[in-house]
Amino acid sequence: MPLKILFFSGKSPLGIVFSGNKQCLRSFCSADSTAENMHNITELIRNQHWSKLRTHFSSTSPKTLLQQLINSEADPDLVLRYFNWSTKELKLFHPLELTCRLLQSLAAAKKYSKMRNFLHRFVQNESFHSVPSIFHAVSVSNDSLCINSIIVDMLVLAYAKNMKHNLGLEAFKRAGDYGLKLSSLSCNQLLSLLVKKEKFEEVEYVYKEMRRRRIEFNLISFNIVINGLCKFGKLNKASDVIDDMKLLGILPNSITYTTLIDGYCKKGKIGKMYKADAVLKDMVENGIQPNERTFNILIDGFCKDKNLPAAMKVFDEMKSHGVTAGVVTYNSLINGLCVHGQLDEAIALRDEMMGLGLMPNVITYNALIKGFCEKKMLDKARELFDDISKQGMVPTVITYNTLINAYCKDGKMEDAFAWRDSMLDRGVLPDISTYNCLIGGLCSKGNVEEARKITNELRNKHLRADLVTYNILIGALCKEGESKNAAKLLDEMVKVGLSPSHVTYNTLMDGYCREGNLVAALNLRKQMEKEKMRPNIATYNVLIRGLCQKGKLQGANGLLNELLEKGLIPNQTTYEIVREEMMEKGFVPDIEGHLYNVSGTL
DNA sequence: CTAGGGTTAG
């Protein structure tokens, strides 16, 4: 009998070994006893007596135990605790259906933040589950639309927060198929992610679906969509949306206007800064106060538009609005001044900010160093470099790259390599840009051999040649009259998974032209178009010059017409070629006066 | 939900 008892108790659902006859029978026959055993188990879980719990697994598998816990409608917090422990310590993956039932019991108990955390980890660790299988499991394990909506809504949110836009979108679609309602919070997160990933058709789809499904479209939703339209360059449409939302009674806030201003600054065409400025006026008229971000965007926009006076004007306007300038504000201005070579003014601004108790950061110094480097004032650049450490800051890889680039451009390769060594000493790791600077420096000294040697050693430094590296080397080989070898590098880069850019093709094409190999150049153009890359104005410049130098002025003229037909805009180089190569040889370009009108100088 | 500053090829 005892043997039998043990046998049976061993097979009993909870695997609890009972000492006495009576209890044994109860364990079989009575639900009470099962409940009592379940109680014991949950107490073990509650007190996290995991090693004691483990002793039960000899008779009941951990997976079965989960099933039993869920069937017994135990406290969902404890089931969750057991679930987490068993996945972590036992490396278990529980069936989807049980996972769903756990979520459903958490939802019924309104344990929402625990659900969110759970799903967050679920999509991170178990993203191998397909969205359809998850939806299937959710729907078969419970038929409460309300509870399932909560789960699915949080699933969409979890996907969005984990940057899984495809899964998020799929879950969004399925939710519609299953008639489950999503919250605007989750939809907004998804929209935002789609904007970030530049999936504009999908943004539009979600937007339309949200309206169709009557999901509330709030201020934040509008701000996200406006941002998407801006990033996509649809600025007029973005403006229209602002009018639309007003009509719906949703008033734009500072974020809405700031977003549109940024759109104009970065994606606007002609007169973009004028329009950006107009949005600011509009904003103020509508009673919305611009903040530091708003002004920073405008100031940087004007700086990038090479309109420093306008940038300074906005700077003053900012103060008159009672908005204080921050480090970013000063950095934008300092950078703008440096790019335009106004170094004294840049330094004066740095002093001004320090006087206000605003400490410049590494980025401030990087901008200043670059400014002095471009004026070949390397000693002054080095002084600024030393200031960084004196201020208790650490130069970044970009600081070093800026200096290394300057020394390379100045032909001082020993110094450049010394900088590389000193960055290693200070624990700042060189990146591929560092080596691109050095490789470029060696190439312009005609030391292509050494450049290639360094390129081949990149692997040992855990770095990989990138697009720029190849462009440098291809250019260098072409200059040496070794276009054939340059072409080999083109093949090589494709083989290692890099996509050649316009620069790549144009450089090699130029190399062929200089060797008088027009056939190869024109073939390369075909190859380029086969890779669905449209020749740009630089491509045409290279080919036109190549044809001219071969005396094929008629052919060059044909290309000139072609580029105009394609809507490409001739640049300074184009005009120089026409003037020097064609007109000086007494050839009059047959291009219906277009080029004459635009250039004015011909 | 909005931004902001820095490096390499031509």
(request) Determine the calculated [θ] at 222 nm for chain A from helices alone, applying -39500 (n - 2.57) to every DSSP H run no shorter than 4 residues and normalising by the residue count; nearest 500 deg cm²/dmol. (result) -22000 deg cm²/dmol
(message) Around A:Glu198, under 14 Å between beta carbons, what's the net of Lys plus Arg minus Asp minus Glu among the other residues?
(response) +4
(message) Using the crude model of +1 on Lys and Arg Cβ and -1 on Asp and Glu Cβ, and no other charge, please compute the dipole size for the range A:176-237 relative to its Cα centre, in debye to 20.
(response) 120 debye
(message) Between A:Ser320 and A:Leu429, what is 0.36 nm times their sequence separation minus the Cα-Cα distance? Round to one decimal in nm.
(response) 34.8 nm
(message) Could you sort the peptides A:455-462, A:359-366, A:204-211 by per-residue average Cβ neighbour count (10 Å cutoff), highest mean leading?
(response) A:359-366, A:204-211, A:455-462
(message) For a Förster distance of 56 Å, can you work out the FRET efficiency between the beta-carbons of A:Asp344 and A:Asp143, rounded to the nearest 0.05?
(response) 0.15
(request) Only Lys, Arg, Asp and Glu count, each charged at its Cβ (+1, +1, -1, -1), so figure out the dipole size of the range A:212-267 about its Cα centre, rounded to 20 debye. (result) 260 debye
(message) If you filter the range A:402-443 for trypsin sites (Lys or Arg not before Pro), then keep DSSP loop positions with at most 14 other Cβ within 10 Å, what is left?
(response) A:Arg426
(message) Under a crude label model (7 Å from the Cα following the beta-carbon direction), how far is A:Thr64 from A:Asp177 in nanometres?
(response) 3.6 nm
(message) Which residue, A:Val323, A:Phe295, A:Pro309, has the largest displacement toward the positive end of the dipole of the range A:262-335 when charges sit on each Cβ (Lys, Arg +1; Asp, Glu -1)?
(response) A:Pro309
(message) Suppose every Lys and Arg Cβ carries +1 and every Asp and Glu Cβ carries -1, with no other charges. What dipole size does chain A come out with about its Cα centre, to the nearest 20 debye?
(response) 2040 debye
(message) Of A:Tyr178, A:Asn447, A:Phe200, which is farthest towards the positive pole of chain A's charge dipole, taken about the Cα centre with +1 and -1 on the beta-carbons of Lys, Arg and Asp, Glu respectively?
(response) A:Tyr178
(request) Choose one of A:Leu498, A:Met533, A:Asn557: the residue whose Cα lies farthest towards the positive end of the charge dipole of the range A:423-560 (beta-carbon charges +1 Lys, Arg; -1 Asp, Glu; about the Cα centre). (result) A:Asn557
(request) Anything over 29 Å Cα to Cα? Flag those among A:Lys269/A:Lys552; A:Lys196/A:Lys237; A:Lys306/A:Lys488; A:Lys269/A:Lys550; A:Lys461/A:Lys495; A:Lys526/A:Lys550, in the order listed. (result) A:Lys269/A:Lys552; A:Lys306/A:Lys488; A:Lys269/A:Lys550
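We did not get these values from a lab; they are worked out from the coordinates using the rules stated. Values in this document were obtained by computation on a predicted structure and should not be read as measured data. Using ideal geometry, Cβ is built from the backbone for each residue, glycine included, and neighbour counts are taken over all protein chains shown.
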